[in-house]
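Reviewing the structure listed below.
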Amino acid sequence: MLLRDGQVAHLRPISADDAELLVEFYGQVSAESKYLRFFAPMPRLSERDVERFTHVDHHDRVAFVLTVAQKMIAVGRFDRLPQKKDEDGTTGFVEAEVAFLVQDAHQGRGIAQLLLEHLAQAGRERGIDRFVAEVLPENQRMIQIFRDAGYTVAGGFEDGVMRLEFPIIATDTSINVMQAREHRAEAASIQRFFDARTVAVIGASRRQDTIGQTLVRNLVLGDYQGRVFVVNPAATSVAGLPAYPTVGDIPDQVDVAIVAVPADAVQEVVLDCAAKGVHGLVVISSGFAETGEEGRQRQRRLVGLARSYGLRLVGPNCLGIINTASDFSLNASLSTVMPPRGRAGFFCQSGALGVAILEKVARRGLGLSSFVSAGNRADVSGNDLLQYWEEDDSTEVVLLYLESIGNPRKFSRIARRVSRQKPVIAVKSGRTTQGVPMGHAVRSMQAPQAAVDAMFRQAGVIQVDTLDEMFDVAQLVAHQPLPKGHRVAVVGNSDALGLLAADAAAAVGLYVRKSYSLGSDATAEDFEEALDKAIDHPEVDSVVAVFIPPINTTGEEVANVLAAVGEQSDKPLVSTFLATEGIPELLRVPDVAGHTAGRGSVPSYPAVEAAVRALARVVEYAAWRAKPEGEPAAPEEVDAGEARKLVERVLRREDDGRDLTFDEVHELLSCYGIDLWDRVEVASEDEAVAAGEQLGYDVVLKATAAHLRQRPDLAHVWRNIDTEDEMRDAWRTMHGLIDAPESAGFIVQKVAAPGVPVSLGGIEDPLFGPVVSFGVSGPATELLGDRAYRIPPMHSGDAADMVREIKAAPLLFGYRGSERVDTAAIETLLLKVAQLKNDLPQVASLDLNLVLVGANGATVLNAEARVAPVADARSDWFVRRLSTEAGDTVSG
C-alpha cells in the first residue's frame, strides 16, 4: 500500500515467526511512544509479551504489521471484548479494543490511519460492531486519528484515561475520507517521478544507438534541469559523464532510476536502488510478461521485490516518462522528440505507439504537460496518473490510450471525479475483439462491450475511436471554452463546405442555427463582421469557421481575425483553415505560461467533418458536466444486513443449486424495497383451482422458470382466468401447448395493471464487478442488443439516462399516441437493483425479467437470482491497497 508521502509499505497479518522482528521494532520506539501506548514505562518486551503479541487467532484477536525492506515499522491490533447485555437482557454491541504503535521515525506518514482502515474492515468481516480505545489525554495525535477517520467518536474519562468508542460500520464519510487519502498518496507517488532532481541511468552504454546511450542523450539534450548520473561497471565515462560501478557508488541522492539492463539483471538493480534510497524505477528493459509465462513470473518477482523495499515502478517494457515543465525539462524516455509545453497529460501503455504519439503531438502544435508510457503497467497505471493530474494545475486535459483496464471499478470512480474538473479523453483499443496485449494480465470479462462504453459515458470520459480523433478533441478543449448547448453557426467562404458542415452537424446531433455564406471574394473584414454576429447571437452556442484559399485577401489577415475572435469569445470557435491540422502558428494566441499556444488559440481541421465531429464530442461532455449527479437509492429502504444473511444462508446449502427459490428472491428484493408480485406455484389442476380462489381470480396461468429455460418462447404464453371452469380449461390447454406431463407445474399469478414490459438485471463481472442493465422486453431487444448498462454505485441521473438512451425508449414516452408510462418508477427500481448489486457481490446474477410499467407505477411480475461465493467482497471499496498479486495488472 501507499503511505501519505507516496512511498510503498507492506501490510500483512502478524505471525508467530515475527518475534524477532517485533523485538527489533520495539527497540527503535522512543520511551515516550511506549508510555503513550502502555500507560507506563516499558523499556522492553518480556518473552510473555512477545508470545502474546505474536500469537493471535485472527478472529477474536487480530493484528497487522507494516514492513518496509523486511523491517517492521508499525503494528496495529484489536482484541474482542466480552459481550455485554443491555438492561433489558438483550445482547448489546460486539466490541473490540483497538491499539497501534508506530516507530517514531515513521510517524506522520499516515500509517495509523491505514492500520485503522484495515483493522476496521477485518472487524466488520468478523462481526465486530464498534471499536473502543483507551488513550491518555496527552496523546492528542491518536485521538485525532480516530476522529479524522470519519467515524462518530464518543467517550469519557475514567481514572485519568480517555475511553473512546465508535461504530466501525462503513459510512459515506469514512469512505470519502479513505478515498481522499488514497488520492493524496497516489498523487504524491507520481509527483516524485516528475519532480525528480537527480536521475540515474542504469545500463548506460558507450556504444551509439543503444538504449542506455539514447536515454542519457535524451536527458542531456532535453536540457534536464537536474543532475544525471550513469551506471556502467565496465566504463569510466558515458557521453561525457562519469560512470559509476553501481547506483550505491553515486555520491548524491538518487530520486529516480532509469533501468536498461537485461531482464535477468533487473532484480539485482532493484536491491541496489533500495539500499540507495531511490524513490522510483522506470524499467525500460523488456523480457517480462510480454514474453510468456516465464517472463510473467519474472515480472511478479520484480514488482514484489520493488514494493517490499518501498519502491514504485513504471514499466517494465516501457518508453519512459516526460515532464515538460521548464524547471525540470525531464525526458527520461527513448523518444528523441521532446514535446512542446502544453496543457495535456498523456498516458499510454505501448512503448512503440508512444513514439508515434509524441511525434503527432509535436506536428499538431498541441503540447503536453507530462507523458507516461507504462509498458506492461505492472505497478504504476492510468489510475495513478489520473490521481496526479487531478491536482496538477499545469494539466487541464487528460489523454489516455488504454490497451487494457486492470481495475475498471476504480477507474470509473476516479475518472468520474476528475471529469467534473477536467476533460478526460480516451481511446480504448480492442473494442471489437476485447483483446489484451501479451504483457497485460487482466481478468476475463463477461460483460458486453456496450457495458464498457457505458462505463466511460457514466464517468464523463470522452471516448473516441482513434488517436487522430483524440487529438481533434484535445486541441479543442485545451484552447477553447466549453459550449453551453448544441446550436451551431457556420461562417465560411465556400457554399459547398458550408453544406458539408451542416450535414455533418445534423449527423452527430448538432443543430445549425445560423449560416453565414460570405462568398469566395470575402475579405478579412467580412469574416470579422460575420464572426462577431455569430458569436453574439443568443441562439448560437459554438461557431465553425471555414476558410479556403482566398482570391482577394491573404490567409494571414483572416487568421488574425480568427485568433482575435477566438481569444475574446466565451463560445468555442473551431475552423477548417486552409485544410491545416492542429494549432497553426497563425491561429495561436501568445501564452505567458510558456505553452505552445495560449487559451483562445483556434484549432484547425483538414476536413470540416472532423471539426464538427470533435465539436459534437465536446458538446456531449459539456452537457454531462453541467448535469447534477442526482441521489442514490434512499437508505431507509435498504436492509443490507438481512440481505447478506439470506445470501450466506443460501451459500451454505449442501446441494449444488445456488439458484434462489421464489420465496428467497421475494425476501431478497424486499430488503431493498422491491415488491415482487404475489404468485402461487401449483403442481396439479386442483391446486391451480385452489390458487385461483385464494387470489380471488382475475389471474393468469404461466409456465415456470424450469419450463422457460428449455422453452424461452413460453414466456409469452399465458391465459387470463376469471372462473374455476376457465382455470381447468386453461390447465389442460397449457399442458397441450407445451406437451407437459400431467404433474408438470405452472404458476398462478394475479393479473397486473397493463403496461409496457421491461426487464432489469444485474450481474457480477469478474473484471468490472457489478453491472446493471435495462431494456424493453421482447425478441427485438434481444436481437438488436438494445440494452443500457451502468456500473454501480449509481445516482438518479444515471438511472434517468439508462431509461432514455435505449432505442426503444419512445415506447415509454407516448409513442404514436400511447399512454406515457411512469418512468420515475423504473428509475427508482434501477437504483434499488444497483444498490443491491453494489452491496452483494455474491449475487452472481439478478434478473427482473418481466416488469410491467404503466402510467401509475411498475409491477415486478417475475424475478430470478443466483448466488456464488466470491474471493473478495468489495473490500477495495473500504480499504486502500495496491494490486493483490504483485505483477498482475489487476489493480489501479
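The residue that is surrounded by the most Cβ atoms within 10 Å (Cβ to Cβ), among those in region 477-493 that are of a type in the set (A, V, I, L, M, F, W, C) and touching a Pro at 6+ places or on another chain (Cβ under 8 Å), is Val477.
Going by the structure shown, is Val337 modelled with pLDDT of 90 or more and farther than 21 Å from Arg790 by Cα?
Numbers: modelled with pLDDT of 90 or more: yes; farther than 21 Å from Arg790 by Cα: yes.
Yes; evaluated as a whole, the condition is true for this residue.
So is Gly292 of a type outside the set (A, V, I, L, M, F, W, C) and within 22 Å of Leu402 (Cα to Cα) or not? Before the answer, list the steps.
Numbers: of a type outside the set (A, V, I, L, M, F, W, C): yes; within 22 Å of Leu402 (Cα to Cα): yes.
Yes.
Out of Val75, Val98, Val102, one residue alone is over 19 Å from Ala170 (Cα atoms), touching a Phe, Trp or Tyr at 6+ places or on another chain (Cβ under 8 Å), of a type outside the set (Asp, Glu) and buried (at least 19 other Cβ atoms within 10 Å of the Cβ). It is Val75. The residue that is most open to solvent (accessible area, probe 1.4 Å), among those in region 140-163 that are in contact with a Lys or Arg (Cβ under 9 Å, 6 or more places away or on another chain) and assigned to a strand (DSSP E or B), is Phe157. Exactly one residue out of Arg341, Arg364 is open to solvent by 10 Å² or more (accessible area, probe 1.4 Å) and either out of contact with any helix residue (DSSP H, G or I) (no Cβ under 9 Å at 6 or more places or on another chain) or of a type outside the set (A, V, I, L, M) (or both), and it is Arg341. Of all the residues in region 122-134, those that are in contact (Cβ under 8 Å) with a residue 40 or more places away in the chain and either assigned to a loop (DSSP other than H, G, I, E, B) or open to solvent by less than 20 Å² (accessible area, probe 1.4 Å) (or both) number 7. All of (1) part of a loop (DSSP other than H, G, I, E, B); (2) within 24 Å of Asn862 (Cβ to Cβ) hold for Gly630 with one exception: (2). Just one of the listed residues (Pro262, Pro245, Pro251) is within 24 Å of Gln7 (Cα to Cα) and either modelled with pLDDT under 95 or surrounded by fewer than 16 Cβ atoms within 10 Å (Cβ to Cβ) (or both), namely Pro251.
In region 657-672, of all residues being surrounded by fewer than 18 Cβ atoms within 10 Å (Cβ to Cβ) and within 19 Å of Asp839 (Cβ to Cβ), the one that is modelled with the lowest pLDDT corresponds to Arg658. Here Ser381, Ser370 are screened, and the one residue that is in contact (Cβ under 8 Å) with a residue 60 or more places away in the chain, within 13 Å of the chain's Cα centre (by Cα) and surrounded by 22 or more Cβ atoms within 10 Å (Cβ to Cβ) is Ser381. Scanning region 317-338 for residues that are surrounded by 22 or more Cβ atoms within 10 Å (Cβ to Cβ) and under 16 Å from the mean Cα position of the chain (by Cα) turns up nothing. With respect to the stated conditions, Val491 is in a strand (DSSP E or B), farther than 20 Å from Leu366 by Cβ and of a type in the set (A, V, I, L, M).
Any residue in region 850-871 that is under 24 Å from the mean Cα position of the chain (by Cα), in a helix (DSSP H, G or I) and either at pLDDT 95 or above or not polar (S, T, N, Q) (or both)? Taking every residue of region 850-871 in turn, none turns out to be under 24 Å from the mean Cα position of the chain (by Cα), in a helix (DSSP H, G or I) and either at pLDDT 95 or above or not polar (S, T, N, Q) (or both).
Working only within region 768-791, note down all residues that are touching a residue at least 40 places away in the same chain (Cβ under 8 Å) and out of contact with any helix residue (DSSP H, G or I) (no Cβ under 6 Å at 6 or more places or on another chain). It would help to see each step written out before you state the result.
Initially, region 768-791 is screened for residues touching a residue at least 40 places away in the same chain (Cβ under 8 Å), giving 768-774, 777, 785, 787-791.
Those that are touching a residue at least 40 places away in the same chain (Cβ under 8 Å) and out of contact with any helix residue (DSSP H, G or I) (no Cβ under 6 Å at 6 or more places or on another chain): Ser773, Ser777, Gly785, Arg787.
Screening Glu609, Glu642, Glu654 for residues that are in a helix (DSSP H, G or I) and surrounded by fewer than 17 Cβ atoms within 10 Å (Cβ to Cβ) leaves exactly one candidate, Glu642. Return only the number of the condition from (1) under 19 Å from Ala187 (Cβ atoms); (2) surrounded by fewer than 18 Cβ atoms within 10 Å (Cβ to Cβ) that Gly277 does not satisfy. In the conditions (1) under 19 Å from Ala187 (Cβ atoms); (2) surrounded by fewer than 18 Cβ atoms within 10 Å (Cβ to Cβ), Gly277 misses (1) alone.
Name the single residue, out of those in region 494-521 being of a type in the set (A, V, I, L, M, F, W, C) and in a loop (DSSP other than H, G, I, E, B), that is least open to solvent (accessible area, probe 1.4 Å). Quick ask: steps written out before the conclusion?
Step one: list which residues in region 494-521 are of a type in the set (A, V, I, L, M, F, W, C), which gives 496-497, 499-502, 504-508, 510, 512, 518.
Pick out the ones that are also in a loop (DSSP other than H, G, I, E, B) and you get 508, 510, 518.
Working: Val508: 62, Leu510: 16, Leu518: 41 Å².
Within region 494-521, the match that is least open to solvent (accessible area, probe 1.4 Å) is Leu510.
The residue of region 851-869 that is farthest from Thr704 (Cα to Cα), among those that are surrounded by fewer than 19 Cβ atoms within 10 Å (Cβ to Cβ) and hydrophobic (A, V, I, L, M, F, W, C), is Ala855.
Applying the criterion of being in a helix (DSSP H, G or I), touching a residue at least 40 places away in the same chain (Cβ under 8 Å) and of a type in the set (Val, Ile, Thr) to the residues of region 164-194, the residue that is nearest to Phe346 (Cα to Cα) is Ile190.
Residue-wise test of (1) open to solvent by 10 Å² or more (accessible area, probe 1.4 Å); (2) within 26 Å of Leu467 (Cα to Cα); (3) free of Cβ contacts under 8 Å to residues at least 12 places away in the same chain.
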{"site": "Val558", "(1), (2), (3)": "no, no, no"}
{"site": "Val565", "(1), (2), (3)": "yes, no, no"}
{"site": "Asp570", "(1), (2), (3)": "yes, no, no"}
{"site": "Leu573", "(1), (2), (3)": "no, yes, no"}
{"site": "Leu587", "(1), (2), (3)": "no, yes, no"}
{"site": "His595", "(1), (2), (3)": "yes, yes, no"}
{"site": "Gly598", "(1), (2), (3)": "no, yes, no"}
{"site": "Ser601", "(1), (2), (3)": "no, yes, no"}
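The values are calculated or read from the model by the stated rules, or taken from the named source; none is laboratory data. Please read these numbers as outputs of a predicted model, since none were measured by experiment. Heads up, the Cβs are rebuilt from the backbone with ideal geometry, glycines too, and the neighbour counts pull from every protein chain shown. In case anyone asks, the SASA skips ligands and DNA or RNA and just uses the protein heavy atoms, side chains included. Shrake-Rupley method; radii C 1.70, N 1.55, O 1.52, S 1.80 Å.
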